[in-house]
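Colleague: If you scroll down you'll find the structure; I have some questions about it.
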Amino acid sequence: MRDPGLIHNGVRFMEQNGVTEGPIYDWFVNGLVSRDFEDHRRLRGLVNKAFVPRMVENLRPLMRETSERLADKLASAGDIDFIEEFADRLPLVVMTELLGIPPEDFPTFRTWTSDIGLVFSLALGGDIPARVEAAVTGLYGYVDALMAAKKADPGEDLISALVALQHAEGTASLDELQNLIVSMIFAAHDTTRLQLANAMVTFAEHPDQWKLLGDNPDLTQQAVEEVMRWRPSTNALFRYAPEDFEFRGEVIPKGTMLLIGVQAVQRDPRVFPGGDVFDITATRSTPVLQFGGGLHYCLGAPLARMEITEALPVLAKRLGAPSVAGPVTWRPAIGITGPNELPLRFA
């Protein structure tokens, strides 16, 4: 992940999945995640100027208040779909404040922000390519109108800041900025909601750990890292070899895709001693891999960690141990993964 010589090669990824043109191709190939070297640094620098740590930290009270309000509703609701009643709602509220997206627009794009993440599962075919294309097309249209609105009437939000920076500095084209914002709306919603859902599935399997967290909120940081280690929402990361190279005595030919199974790595006892056991009291010296590494380390990692950090202790303190109360279907294991629905009952 940290090797600067390996690349993302969005063109090759699309070609492997049978996509050579169209909306999906244009979005993915030109996106930040597919850019390398100077192009990546240029676009990442634009975001870094606007997305400062203070902006994330200022959201903490909102995350806590929202978690408490949603947890109160869960406490008196009986059986619930956790994704619908909590995991979806918390990131959307945070997005409202961070990105400046009107709450009334949520029903318009929430399906798109979920389906666009299936781009990493295109190889499975079925209805996935059509869903991804509809999501890309829909989000591009929405973001185009949103950028125009921010230019005409800017606010104190991240998208307003990015639109102003692009206009003032010209370090990115309007098309590049639109692509960035589409990707940010997707990333700010889908990966966090699925990680929250994955955490609840995990605690349903380990109710003793849930009680431990409820009684010991000082274990929150360790619990957050442990749920991401045990059941990550990003379960596959990839790189390509731009040239032949040797790795541990094996020749890797040019163009080879290197796919890293995140969950497998994060349970490897050679890297995480005792990694075959879910334990929120464990102190791990190796960071989780799902946010990537090196130049492409996820820009939204601090935001995602903070949302989960605020949510878990509130839920564990106010609610008894969760149990799965009905059938659950899952998104594909390769890519952004988690349950499609999560019926829960709290003891």
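The values are calculated or read from the model by the stated rules, or taken from the named source; none is laboratory data. Remember, predicted model here, so these are calculated numbers, not experimental data. Every residue, glycine as well, gets a Cβ built from its backbone with ideal geometry; the counts of neighbours run over all protein chains shown. In case anyone asks, the SASA skips ligands and DNA or RNA and just uses the protein heavy atoms, side chains included. Shrake-Rupley method; radii C 1.70, N 1.55, O 1.52, S 1.80 Å.
Colleague: How many of the residues making up the stretch 149-171 are touching a residue at least 40 places away in the same chain (Cβ under 8 Å), out of contact with any Ser or Thr (no Cβ under 7 Å at 6 or more places or on another chain), surrounded by 19 or more Cβ atoms within 10 Å (Cβ to Cβ) and over 22 Å from ALA301 (Cβ atoms)?
Modeller: Final tally of qualifying residues: 2.
Colleague: Among the residues of the stretch 38-57 satisfying the criterion of being more than 20 Å from the chain's Cα centre (by Cα) and free of Cβ contacts under 8 Å to residues at least 24 places away in the same chain, which is least open to solvent (accessible area, probe 1.4 Å)?
Modeller: Residue satisfying both the conditions and the ranking: ASP39.
Colleague: Which pairs do you get when a residue that is touching a residue at least 60 places away in the same chain (Cβ under 8 Å) and in a loop (DSSP other than H, G, I, E, B), found in the stretch 18-34, comes within reach of a residue that is of a type in the set (S, T, N, Q) and open to solvent by 20 Å² or more (accessible area, probe 1.4 Å), reach meaning Cβ atoms under 6 angstrom, with the pair 6+ apart or on two chains?
Modeller: As it stands, the answer is GLY31/SER183, since those pairs meet every condition given.
Colleague: Related question: Which residue is farthest from the chain's Cα centre (by Cα), if the candidates are limited to the stretch 59-97 and must be at pLDDT 95 or above and over 30 Å from ALA325 (Cα atoms)?
Modeller: The extreme case among them is PRO61.
Colleague: Restricting the stretch 1-37 to residues that are over 21 Å from the mean Cα position of the chain (by Cα) and among the small types (Gly, Ala, Ser), which is nearest to GLU307 (Cα to Cα)?
Modeller: Step by step, filter the stretch 1-37, then rank; the result is GLY5.
Colleague: Output the number of residues of the stretch 107-127 satisfying the condition of being surrounded by 18 or more Cβ atoms within 10 Å (Cβ to Cβ) and not aromatic (Phe, Trp, Tyr).
Modeller: 9
Colleague: Shifting gears a bit: With the structure loaded, tell me whether LEU196 is in contact (Cβ under 8 Å) with a residue 60 or more places away in the chain and in contact with a helix residue (DSSP H, G or I) (Cβ under 6 Å, 6 or more places away or on another chain) or whether it fails that test.
Modeller: Judged against the criteria, LEU196 is a match.
Colleague: Now a separate question. Mind checking which residues of the stretch 266-282 are open to solvent by 50 Å² or more (accessible area, probe 1.4 Å) and closer than 21 Å to ALA304 by Cβ?
Modeller: If the condition is that a residue be open to solvent by 50 Å² or more (accessible area, probe 1.4 Å) and closer than 21 Å to ALA304 by Cβ, then ARG267 is the only one that fits.
Colleague: Can ILE24 be described as crowded, with 20+ Cβ neighbours inside 10 Å and out of contact with any Gly (no Cβ under 7 Å at 6 or more places or on another chain)?
Modeller: It is true that ILE24 is crowded, with 20+ Cβ neighbours inside 10 Å and out of contact with any Gly (no Cβ under 7 Å at 6 or more places or on another chain).
Colleague: Please enumerate the residues belonging to the stretch 293-338 that are in a strand (DSSP E or B) and open to solvent by less than 20 Å² (accessible area, probe 1.4 Å).
Modeller: Correct list: PRO322, ILE336.
Colleague: Turning to a different aspect of this structure: Mind checking which residues of the stretch 108-125 are modelled with pLDDT under 90 and among the β-branched types (Val, Ile, Thr)?
Modeller: THR108
Colleague: So, one more: With GLU243, GLU341 as the choices, which residue is in a loop (DSSP other than H, G, I, E, B), within 23 Å of PRO207 (Cβ to Cβ) and open to solvent by 40 Å² or more (accessible area, probe 1.4 Å)?
Modeller: GLU341
Colleague: I'd like the full set of residues that are open to solvent by 20 Å² or more (accessible area, probe 1.4 Å) and either farther than 13 Å from SER183 by Cα or not in a helix (DSSP H, G or I) (or both), limited to the stretch 128-140.
Modeller: Matches in the stretch 128-140: PRO129, ALA130, ARG131, GLU133, ALA134.
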